[in-house]
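J.: I'd like to ask some things about the structure below.
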Amino acid sequence: MKSYFFIPANKKQFLGKTDTINATEIVIDLEDAIFNSDVKVAVDNIISLSINPDSWIRISYVNSRSQTQFEYLDRLIKKGFKKYIVPKISNMEEFNDVLAYFSSENRNLDEFQFIVLVENPEAVLNLSAIIKVDQVEGIGIGSHDYCDIIGMEHSLENLYWVRMQLLNVAKAMGKKVIDIASMNIENKNEFVQECKDGLKKGFDGKFIIHPWQLDIFNSIKQFSKAEVEFAKLVKSYIDKIGGKNKFTITKINGKVVEKPHLKRFNEILRSTGHETF
């Protein structure tokens, strides 16, 4: 599971440390994290520093139905930033406004990648259409805005339905799905439980908002020793029979292993630094 670490674009002292942050993906935030700061000043901060253009940019989106709302992104696109997280989308009409901007000025839309944040019930209803867009790499859950709109307490129990809904739609479409960001920056046990819950359910990543959380996330072993050892046994068996193309179904150490299971075993091996099959 990847870590997507948010850095507020109005905090120049933090932006200058992006190369030292041990996260899988860096997200430069131009939306919620900068509060009421001037977006243009925040963009100035990004431009003035040597930030890897492979970082994600969470755009500031006000849904004004005007292309001028995105003009502040021109400089970032020219700087080479191609990956954008799009918040506050409710339907395809709104998302098409975003896509129209990125394909304007003779730009090639296929050069860009997007993660769409699902932050309201309408977006859930329209999820299948939104996620079909080729340039959408994945979806994320903006759980706090979602809970505010619903009027419910933010908890794993209350968010179970929407998390599973997004997870299943994303997997069905072959897209990535990133789990919720947590405002919990003090209770270690609770945060560990949240991370492990996302791992067990099959999320591809998790949004991280604080260095304390990132340290904890990186310390969690995604797979137990027993899982790794069993995956190694599966690989040994596959090597013995001459490759996974010859695999059908077998029993290893009393456990039935079928072909659909092989993807997970390969992921366990890959993630733990072992040779895959």
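J.: Per DSSP H run of n ≥ 4, the term is -39500 (n - 2.57); total these for the chain, divide by its residue number, and report the mean residue ellipticity at 222 nm rounded to 500 deg cm²/dmol.
T.: Calculated at 222 nm, the ellipticity per residue is -12000 deg cm²/dmol.
J.: Just to confirm a number: summing +1 for Lys and Arg and -1 for Asp and Glu over residues other than Glu194 whose beta-carbon lies under 9 angstrom from that of Glu194, what do you get?
T.: Residues close to Glu194 contribute a combined charge of -1.
J.: A further question on this structure: Calculate how many DSSP beta bridges within the chain are antiparallel, expressed in % of all such bridges and rounded to the nearest 5.
T.: 10
J.: So who's got an amide H within less than 5 Å of the one on Ser182, skipping anything under 5 residues away but keeping other chains? H placed 1.01 Å off N, in plane.
T.: When sequence neighbours closer than 5 places are left aside, the close amide H contacts are Ile209.
J.: Given R₀ = 51 Å, FRET efficiency for Leu233-Arg107 by Cβ-Cβ distance, to 0.05?
T.: Taking R0 as 51 Å, the efficiency between Leu233 and Arg107 is 0.55.
J.: Where nothing but the Cβ of Lys and Arg (+1) and of Asp and Glu (-1) is charged, how large is the charge dipole of the chain around its Cα centre, in debye to the nearest 20?
T.: Charge dipole of the chain: 1540 debye, to the nearest 20.
J.: With the crude spin-label approximation of a point 7 Å out along Cα→Cβ, what separation in nm comes out for Ser50 versus Lys225?
T.: Simple spin-label model gives 4.3 nm for this pair.
J.: Can you work out the Karplus-derived ³J(HN,Hα) for every residue in the stretch 179-185? Use 6.51 cos²θ - 1.76 cosθ + 1.60 with θ = phi - 60°, whole Hz, and x for glycine or proline.
T.: 7, 4, 8, 10, 7, 6, 10
J.: Considering the options Leu166, Phe102, Gly142, tell which one lies farthest towards the positive end of the dipole of the chain, charges being +1 on Lys and Arg and -1 on Asp and Glu at the Cβ, about the Cα centre.
T.: Leu166
J.: Taking 35 Å as R0, compute the FRET efficiency from the Cβ-Cβ separation of Arg270 and Ala100 and round it to 0.05.
T.: 0.35
J.: Given R₀ = 25 Å, what would the calculated FRET efficiency be for Leu199 paired with Lys255, taking r from the Cβ atoms and rounding to 0.05?
T.: 0.80
J.: Just going by the charge dipole of the chain, with Lys and Arg at +1 and Asp and Glu at -1 on Cβ, which of Ala226, Leu15, Ala42 is farthest out on the positive end?
T.: Comparing the listed Cα positions along the dipole, Ala226 ranks first.
J.: Using a 7 Å offset from the Cα along the Cα-to-Cβ direction at both Ile21 and Met183, what is the distance between the two label points in nm, to one decimal?
T.: Label-label distance for Ile21 and Met183, simple model: 2.0 nm.
J.: Here is a further query. Would you mind putting 69-80, 19-30 in packing order, based on average other-beta-carbon counts within 10 Å, highest first?
T.: 19-30, 69-80
J.: Related question: Between 0 and 90 degrees, rounded to the nearest ten: what's the tilt of helix 156-172 against the longest Cα principal axis of the chain?
T.: 80
J.: Note the full-extension length gain between Glu190 and Gln135 as 0.36 nm times their separation in residues minus their Cα-Cα distance, in nm to one decimal.
T.: Contour length minus Cα-Cα distance gives 16.3 nm.
Readers should treat all values here as calculations from the given coordinates under stated rules, not as data from a laboratory. Predicted model only: the values in this text are computed from it and were never measured. No Cβ is skipped: glycine too gets one built from the backbone with ideal geometry, and neighbour counts run over all protein chains shown.
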